[in-house]
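All remarks here apply to the structure that follows.
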Amino acid sequence: MNKAITDGILFTPSSFSAGLSQWSSGDGVPGSDSYQNAANAAFVPADQDFSGCLELQKTQSLQKLRFKGQTPILPGCYLRVTARIKAISGALPSVRIAGFAAGPGGAALPGVVTTGASVALTSYGQVVEVSAIVGTGARAGVTMAWGLDAIYGHFGLDLTGPNGGTVRIDDIEIEDITGVFLRDMLGTVDVRDFGAKGDGVANDAAAFLAADAAANGRLVVVPEGTYFLDSDVTIQSHIRFEGHITMPVARVLSLAQDYHLAAYIDAFGDEVLAFKKAWQCLINASDHESLDLCGRRIDVKAPIDMAAAVPNRTEYAQRRVIRNGQFFVGNSSDWDDTVVTSQASYAVNQPLKLTGVVNVANVPVGALITGVGVGREVYVRSKNVATQEIELLQPLYDAAGAQVYTFRRFKYVLDFSGFAKISKIIIADVEFNCSGRASCLLMAPAGLIFQVRDCVFNDPKDRAITSHGEGCQGMLIDRNQFLSAEVNMAAQDRKSIAFNTNGNDVKIRDNRITQHRHFAVIAGTSNLFAGNHWYQGDATGQGVRLAGLVMTQSNCRNSIVGNYIDNCFLEWTNEHDPAPDFSSEYSFAGLTVSQNVFQCGHTVPWFTFIVLKPYGPGHFIQGLCVTGNTFRTIGNAIDRVESVDTSLADLDWTRCRNVWIKGNSFNGVSSMIENPRALPLIVNTAASTWTLDTSGLLPFGGRVRNVEAVVPRGPLRTGANAVVWAHPYVETERGTGGRSVELVWPQALKGTASVTVRIDN
């Protein structure tokens, strides 16, 4: 680049032969004295070394020579000012290139260097050349870096040292030498040319913006150095970082053309900081819908506070994606659980509150709560230090009064809990390698449609995904792998859980989950589980098996369809009910279990695949559909596939209704179940009352509440073997536990009948 050639700009001053009126003894500004008719200055037309030149006697301690013409200072343009001089007589002075830096309005620009290096004249007649380079940027070799505020300069030289000497000065030359700096940077713009210091102290934001504005399709280059940006900076051009950036947490760097993690790592030099700043930009800029991690591995040694990285926002509701990368958890004490024990009181009439919490300030939000009468996956949603209260995620089922609770705060790679509400965030194609040291995702306390898809959760210490509020409302969890760090442990010794949810309308599809304590604990309703495979076996012979999917709402309205449920069971409870005894609310209802493969191997005979566990008496089944499933065992048979855990309470079998269990297949199961179920009744001795005992033959061992049909199989005969035509009436809920039905005939008869019975209405 040479502005004299490309733009026709004349930088070199007028020659002395054109007259000395254009040469000032001051700064060269309008009105300054010239050397025209000065007693100490004259033009010499024929010098043996210089041809025409200026002869000047030094009469002042600082003898100035400045061209009155305005030499323009252009961003990215570098000028070399050169003077040739020799001493003629008298005292020998020193000489240096000098100039006047003019800013806006022609005023002197403060704080800039206006002189070059000083050279002493040591002999008479010896030609000495002095030069200096001036430009906007502080680049290597630039003597006078004037920054972007410089508009023009008045250039010449200074004579310093003793007075009385006479010198001759050749015509001063000013040439564009920008090409010296840009010889290998064609098509680029250097931020230093626009005033960037790169010292880590000066605010270089304006220089970056100016360079970007001037780029016009060229690449913006950030050379080595540390560049402090103390304002929001948006770069619209492509940019390359050789140096690094520092910014206050609240300042946003937006790279419009190069928005991806690799560019931010180049910019900030630290992977975690780069991710935080890129995430900050994603939430604050409308130009990008996704952050591409570029397949990079990010080594993390402490939880990443996603809200702290975006201090200007507490809520966000636009679709944004974090995709295509890996987080690798390094060894650090920052992953250690924070554990607090504290006494608090609970009252059923305030089901989501603990009061009188001792040392409540020490209890972390998002901590798991354990104690007597506390169900699974109950977390601290918020706290009020002033009132010593804690807001609970879920009610406690049997904790009235005061007791000591344990609050355990897991540490998560990505922690969104600092947001008040965040919606429509997608984590896609991301691998979390936790090495058994950390958990993965902690969600915001509120929000909609958070999505996790095509991710791998390797070896989480405690949880893969935790919701300590209702940020999981409408959540989508699709095509992920949840791989436990506890594969070599007995099932009952495991403690990790893949995820929990509390909101409604969650969709869990096509995931693979291995050997956690539980696959999921679901507190919300109207959820869909489809196409998943969760496996929770171990190498223990006749081993204990735990719940894979735990549903904690009695009226759950969940659909479990087309899954592979392997060495674990479905557990349906009401453990998040503050008054778990039935009292006019909806009871156990709304569960559909269809087209699933249930399998277990080498477990205890009393293992069952579907378990109902009421936490208080009086509850009943009022809506259950189990159809088209395959139940299979390996190694040994099990007694049955369904049961009621009566350790706390039993169901009220006199109120059961709307139960449909049909079309299932059973392999290695001693008792197969249906409802309604057709059972044979054979009576060989004539009697007027036939009794059918259904104990163990109906789902959950329930009562016979209804008879749909009685169909004789063959003739009905009297005791004398005479064939008769007759029809009975039925008496249901007879015998022990109401598990028998009686057929009452008009006379004593014998024969065979098929009786279709139901446990419901």
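The values are calculated or read from the model by the stated rules, or taken from the named source; none is laboratory data. Since the structure is predicted, the reported quantities are computational estimates derived from the model, not experimental observations. As a convention, Cβ positions derive from the backbone with ideal geometry for all residues, glycine included, and neighbour counts pool all protein chains shown.
Overview of values
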| item | result |
| --- | --- |
| Residue within region 237-252 that is touching a Lys or Arg at 6+ places or on another chain (Cβ under 9 Å), among the small types (Gly, Ala, Ser) and farther than 22 Å from residue 286 by Cβ present | no |
| Region 510-521 residues that are of a type in the set (Val, Ile, Thr), paired with ones that are in a strand (DSSP E or B) (beta carbon under 6 Å, 6 or more apart) | 513/482; 513/498; 513/519; 513/534; 514/483; 514/535; 521/500; 521/550 |
| Residue tally, condition outside any loop (DSSP other than H, G, I, E, B) and β-branched (Val, Ile, Thr), over region 514-569 | 7 |
| Checking residue 139 against (1) among the charged types (D, E, K, R); (2) surrounded by fewer than 20 Cβ atoms within 10 Å (Cβ to Cβ); (3) part of a strand (DSSP E or B), the condition it does not meet | (3) |
| Test for residue 20: is it buried (at least 18 other Cβ atoms within 10 Å of the Cβ), among the aliphatic types (A, V, I, L, M), under 17 Å from residue 95 (Cβ atoms) and modelled with pLDDT of 95 or more | no |
| Of the criteria (1) part of a strand (DSSP E or B); (2) surrounded by 18 or more Cβ atoms within 10 Å (Cβ to Cβ); (3) at positive phi, which one residue 227 fails | (3) |
| In region 362-404, the residues that are within 18 Å of residue 462 (Cβ to Cβ) and of a type in the set (Phe, Trp, Tyr) | 379 |
| Residue pairs meeting the criteria (Cβ under 6 Å; at least 6 apart or on separate chains; first farther than 26 Å from residue 636 by Cα and touching a residue at least 60 places away in the same chain (Cβ under 8 Å), in region 654-679; second among the small types (Gly, Ala, Ser) and surrounded by fewer than 16 Cβ atoms within 10 Å (Cβ to Cβ)) | 678/754 |
| Selected residue (criterion: farthest from the chain's Cα centre (by Cα)) from residues of region 142-157 that are outside any strand (DSSP E or B) and within 14 Å of residue 108 (Cβ to Cβ) | 151 |
| Qualifying residue in region 453-470 (condition: touching a residue at least 40 places away in the same chain (Cβ under 8 Å), surrounded by fewer than 24 Cβ atoms within 10 Å (Cβ to Cβ) and of a type in the set (Ser, Thr, Tyr)) | no |
| Test: residue 102 is buried (at least 16 other Cβ atoms within 10 Å of the Cβ), in the same structural domain as residue 62 (by TED's automatic domain parsing), farther than 22 Å from residue 26 by Cβ and hydrophobic (A, V, I, L, M, F, W, C) | no |
